[in-house]
1. Give me the accessible area buried between chains B and A, both sides summed, with a 1.4 Å probe, in Å² rounded to the nearest 100.
2. Separation of the range B:78-116 and the range B:1-67 by C-alpha centroid, Å?
3. Within the accessible area of the range A:101-213, what % is carbon and sulfur when the probe is 1.4 Å and the other protein chains stay in place?
4. Can you tell me the dipole magnitude for chain B around its Cα centre, using point charges on the Cβ only (Lys, Arg +1; Asp, Glu -1), in Debye to the nearest 20?
5. Each label point is 7 Å from the Cα along the Cα-to-Cβ direction; what then is the distance between the points at A:Ala189 and B:Ala107, in nm?
6. What angle, in degrees between 0 and 90 and rounded to the nearest 10, separates the Cα long axis of helix B:150-175 from the longest principal axis of the Cα atoms of chain B?
7. Once each part is reduced to its C-alpha centroid, what is the distance from the range B:177-211 to the range A:128-178 in angstrom?
8. With 28 Å as the limit, write out which pairs from B:Lys54/B:Lys212; B:Lys15/B:Lys54; A:Lys212/B:Lys24; A:Lys70/B:Lys24; A:Lys15/A:Lys54 have Cα-Cα distances beyond it, or answer none.
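The values are calculated or read from the model by the stated rules, or taken from the named source; none is laboratory data. Remember, it's a predicted structure, so these values are computed and weren't measured experimentally. Neighbour counts are summed over all protein chains in view; Cβ atoms, including those assigned to glycine, are modelled from backbone coordinates with ideal geometry. Only protein heavy atoms, including side chains, enter the accessible area calculation; ligands, DNA and RNA are left aside. Shrake-Rupley method; radii C 1.70, N 1.55, O 1.52, S 1.80 Å.
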There are 2 protein chains.
Amino acid sequence: MSDGATIYAGEPLRKYLDDAASNKPAPGGGSVSACVGALGAALVAMVCNLTLGKEKFADVQAPVRELVAKAEAARARLEALLQDDTVAYDGVIAAYRLPKDSEEEQAARTAAVQAGLIVAADVPLEICRVGVQVCRLARTAAELGNPQAVTDAGIGAVLGEAAVQGGALNVRINLVSITDEEYVRTTTAELGALLAEASSLRAEVLAITLAKL
Amino acid sequence: MSDGATIYAGEPLRKYLDDAASNKPAPGGGSVSACVGALGAALVAMVCNLTLGKEKFADVQAPVRELVAKAEAARARLEALLQDDTVAYDGVIAAYRLPKDSEEEQAARTAAVQAGLIVAADVPLEICRVGVQVCRLARTAAELGNPQAVTDAGIGAVLGEAAVQGGALNVRINLVSITDEEYVRTTTAELGALLAEASSLRAEVLAITLAKL
């Protein structure tokens with residue numbers, strides 16, 4: 001179970017890396033995927049901040065102001081998910097520890113494990129949704145932003161897609177144990193759509209970036 | 001120019017994210033790519049640390065011990081590059097500030113700019129090289145490591161590839177201004193090989209991971 005007392009955003013970057021490398025259960029791949037998405041959102045915001053207030057880019061100030069607000073909102077969401085994921089599996093672990101002596105206890109335990117698994121899948125699923133949003137914002141940044149920072153928009157899309165791929169693996173490892181067929185079906189479909197959109201956006205933004213070098 | 005006093009590994013994770021999002025020149029996409037590679041290397045080390053010392057995985061203890069040492073070496077290298085990249089462009093900026101009144105001064109300034117651009121390209125090129133290494137190590141982790149942590153090996157490969165893609169964009173933005181044709185040719189060729197290997201390893205490790213879920 002994760003150390004609920006550790007709020008990683010306030011800890012040194014090296015502690016986050018050290019804890020990720022250790023055999024501690026948190027942070028794991030889900031939290032790290034959210035962190036990578038947050039880094040991508042930060043780069044999109046940087047492109048905006050290198051565009052705002054510059055005479056040369058006067059005609060895009062309004063949309064870029066809107067873009068930076070969206071990028072910072074995505075970053076805040078991913079920073080929260082980076083933390084949420086460190087405890088996302090705690091419910092499953094607690095449920096497995098429930099007594100299983102009577103049939104009644106066994107049924108209650110199974111239900112609690114299943115509810116915990118859905119929570120554990122929902123957190124990385126949300127990482128995937130916001131990761132795709134980072135890719136969308138990176139495309140606008142590559143199109144409208146200061147061309148001197150276009151590689152940062154391109155890297156933003158790469159990191160948004162990486163967050164989606166990483167989150168998707170953590171959704172899937174939970175899906176294999178979830179017995180709610182409706183949840184598994186709708187989540188699998190949504191995941192497929194998110195992965196496809198992220199992959200297509202990454203290719204598109206990399207093409208825009210290379211064309212502007 | 002970057003604030004040479006800021007050693008990011010010792011700063012709160014949120015400061016690194018905030019500075020990346022700001023209009024400060026550092027950390028930019030190169031440093032962030034190194035950070036993402038370091039996170040990938042950390043996940044590979046985690047898979048190893050969840051495999052070592054377990055009876056169940058007795059037959060792979062020796063190769064996994066070797067693997068964790070390599071993953072931690074790659075992480076240390078990428079943590080250093082995360083920092084190095086924040087000053088990689090300083091030489092170019094300093095060179096552009098050199099006087100250009102006489103023909104002699106102009107020639108010296110041009111030479112200094114060119115030397116600076118090669119330094120600025122070499123740092124992200126090294127990020128790409130170590131990023132590919134992270135993908136290679138992730139494959140071994142997916143093959144030999146505790147299958148309960150296989151998604152972390154998969155995410156390690158995704159992040160290694162993302163570091164290569166991100167680093168490559170930062171190499172390329174410098175290459176367009178470098179006049180040393182031999183450097184441009186050999187670096188372009190190496191970059192193509194690194195991108196191809198990373199892409200192929202990412203697909204392979206994702207396939208191994210999905211097969212083990």
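1. Rounded to the nearest hundred, the buried surface is 4500 Å².
2. Taking the Cα centre of the range B:1-67 as reference, the centre of the range B:78-116 is 29 Å away.
3. Ligands and nucleic acids excluded, carbon and sulfur reach 53 percent.
4. I would put it at about 800 debye.
5. Label-label distance for A:Ala189 and B:Ala107, simple model: 7.2 nm.
6. Result, in degrees: 10.
7. 20
8. Violating the 28 Å Cα-Cα cut-off are B:Lys15/B:Lys54; A:Lys15/A:Lys54.
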